[in-house]
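The block underneath contains the structure these notes are about, expressed in structure tokens.
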Amino acid sequence: MNRERVLKVVLVLVGLLFSAGIYPLMMSLWKMNKSDYGDDMMLSLYFTLGIFLLMAVRNPSANRSLVGFAAWSSFAHGAVMAVLAVHIASERGGLLSAVAILVIIGVALVALAPEKPSREPAHAAAA
């Protein structure tokens, strides 16, 4: 398998995972659980990111910034959750599990990120 094909598989998997956030989001909004508003807002962002990652599968090179954003936002979210895991002992297991998943996603996307397009003019490449 070449690098772009592996990236496309990762984009589909991550896109589906993030898009699946619509279910807990809708259930929470349906029940209007007041303690989960922050989680609901985060899920809405991840759901949207998931949809855009699925659309990026067609041409990952044209969506290089989006792939980078997905990777680095996963690292940032994981870092915040790691700090929370230190301070909230009762939630530590779940938080650290989520941190591991986010780090794996970030590393995979950074490692497979599409190459930067060359700055060589098109006519020079054809010669």
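Structure notes:
- Contact map, the range 1-27: residues that are in contact (Cβ under 8 Å) with a residue 24 or more places away in the chain paired with residues that are of a type in the set (A, V, I, L, M, F, W, C) and outside any helix (DSSP H, G or I), Cβ distance under 9 Å, separation 6+ or inter-chain. Pairs shown: 7/57; 7/113; 8/57; 11/57; 12/57; 15/57.
- Pairs are defined by a Cβ separation below 6 Å, a sequence spacing of at least 6 or placement on different chains, a first member in the range 75-98 that is farther than 20 Å from residue 110 by Cα and modelled with pLDDT under 95, and a second member that is not in a helix (DSSP H, G or I) and not charged (D, E, K, R); no pair meets this definition.
- Screening the range 65-116 for residues that are outside any helix (DSSP H, G or I) and among the hydrophobic types (A, V, I, L, M, F, W, C) and picking the one that is surrounded by the fewest Cβ atoms within 10 Å (Cβ to Cβ) gives 88.
- Hits in the range 6-64 - residues which are surrounded by 14 or more Cβ atoms within 10 Å (Cβ to Cβ) and outside any helix (DSSP H, G or I): 20, 21, 57
The values are calculated or read from the model by the stated rules, or taken from the named source; none is laboratory data. If you're wondering where the values come from, they're calculated on a predicted model, not measured in any experiment. Please note: Cβ atoms are built from the backbone with ideal geometry, for glycine as well, and neighbour counts cover all protein chains shown.
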